[in-house]
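In what follows, a structure is listed as C-alpha cells, so that the remarks can point back to it.
Read-outs throughout are calculated quantities, based only on the coordinates presented, and are distinct from any laboratory measurement. A quick note: this is a predicted structure, and the numbers were derived from the prediction, not measured. Cβ coordinates were reconstructed from backbone atoms using ideal geometry, including for glycine residues, and neighbour counts include every protein chain displayed.
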Amino acid sequence: MQTGYPRVPTPEDAVGAVHRRYNADGISDLVFGVLSAGYGLIGFIDLDPHIKEAVFVLLIAVLGLGGPDIQTFLRRRFTDPRLGYAKPRSDTEAPSGQGRLVTVLWVAALLLFFFGRWILRLAVGTDHSARFSPMVAALEACLLTLMAALGAGSPRFYVYVTALLGWAALVQFWWPSRLGESAVWLAAGVIYLVGGGVALWRTYRLPVLDEPAA
Amino acid sequence: MTSFPRQAAGLDRMIHEPARLTLMVLLSAVDEADFVYLLRESGLTKGNLGSHLTRLEEAGYVEIEKGFVGKVPRTVVRLTAAGQRAFTSYRTMLRKIAAHLG
C-alpha cells in the first residue's frame, strides 16, 4: 500500500481548489469593499443626488477599468509566489444546479438593486421608502455576499453576512433613513475591507515557494 | 464485448500512477497552472513533481512553458488535446471497471 501519496482529488475537488485559490487572498473582497465604502461615504456628503450618482458611476468606472489590472498586479506580487497561479477553465460546461442558482440569484439581486427602490417608492411614497432603506441596503448587500459565498464556498463570506445583518438591524432601529442606508453600505465596505485585508495578510505570511531553476 | 480483466489491463498506466493521476485531475480543472500551484495542491515534493511532469510531457499529455516573471522562474503547465482525450478515456474505462466490480 502506498501511504506516501496524498489522496487523489476528485474533479470537483480540483474545481473547488481553483475557486479557493482565487478567493483566498481577499483581493476581490478589497475591491468590493472600496466600492461599497465609497458608495456609503458619498451618502454622508451633502451633495445633489445626481452628483452623488455621477460620483458613484465614476467610482465603478475607475474600478471597472483599473480593477483587473490592480488585481493582476497584486496577485502577481503577493498571491502567485505563495499559492501559485491557476487560470480557471474558460470552456466551462453547462452550469450545475448550484451554478444555475447562483446565476439566477445574481440576476435577482441586480433587478432588486436597480428596480426595487423604484417599485418601493411607487408603492409607499418617497418618505416611507426612506424608512426601509437601511434594511433594503442590508438585504442587497447580503444577497450579493451570499451569492459570492455560494460561488466561492468560503466561510469568510458567512461571517460578513452575520456582521452586516447585525449592524443593519441596529441601524434600522436607531436610524431608519437614507443616511442609515449609507451607514449600512459603509459598514459593508468596512467589513469587506477588514476581511479582505486579513486574508491578504494571511496570504502574505505564507512562505514563498520557489521553483527549481529553469 | 471486452472482458473485465482485459479492460483493467487496458488502463493507461501513464495516468493510472497516483501522482500523475493527481496532476491530470488538477490540470483538467484549469486552462493552465504554474509549478507552485501544482506543488501546493498535489502535495508532492519539488523533485517528484518535476519528474512526473516530465513523464507526462514526454507522453504528449501536457505542455510545459518555462519563463520568468521579473527574475523569478515560472513554469506554466497545461493539458494538451491528447492529454484531455486520454484523461476522458481513462475516466470512462475506470467507470466501466467500477461497474463490473459493483
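Phi angles across segment A:9-15 convert, under the Karplus curve 6.51 cos²θ - 1.76 cosθ + 1.60 with θ = phi - 60°, into 3J(HN,Hα) values of x, 7, x, 5, 4, 5, 5 Hz, Gly and Pro given as x. Relative to the longest principal axis of the Cα atoms of chain B, the long axis of helix B:81-101 makes an angle of roughly 40 degrees. Compared with the dominant Cα axis of chain B, that is its longest principal axis, helix B:18-28 is turned about 70°.
Can you order the peptides A:34-46, A:18-30 by their average number of other Cβ atoms within 10 Å per residue, highest first?
Per-residue mean Cβ counts within 10 Å order the peptides as A:18-30, A:34-46.
Using C-alpha pairs below 8 Å separated by at least 6 residues, the relative contact order for segment B:4-97 is 33 percent. Between the alpha-carbon centres of segment B:82-102 and segment B:15-68 there is a gap of 20 Å.
Students often forget the sequence filter, so: which aspartates and glutamates lie under 17 Å Cα-Cα from B:K66 once same-chain residues fewer than 8 apart are removed? Leaving aside aspartates and glutamates fewer than 8 places away in the same chain, those within reach of B:K66 are A:D80, A:D210, A:E211, B:D31, B:E32, B:D34, B:E57, B:E58.
Between rounded, prolate and oblate, where does segment B:4-97 land on the alpha carbon gyration tensor, with a ≥ b ≥ c its root eigenvalues, rounded for a/c under 1.5, else prolate if a/b exceeds b/c? In terms of gyration-tensor shape, prolate.
Take each residue of peptide A:74-87, count the partner chain Cβ atoms within 10 Å of its Cβ, and average: the result is 5. Taking every residue in B:65-77 and counting other chain Cβ atoms within 10 Å of its Cβ, the average works out to 3. Mean per-residue shielding of peptide B:15-22 is 3, counting Cβ atoms of other chains within 10 Å of each Cβ.
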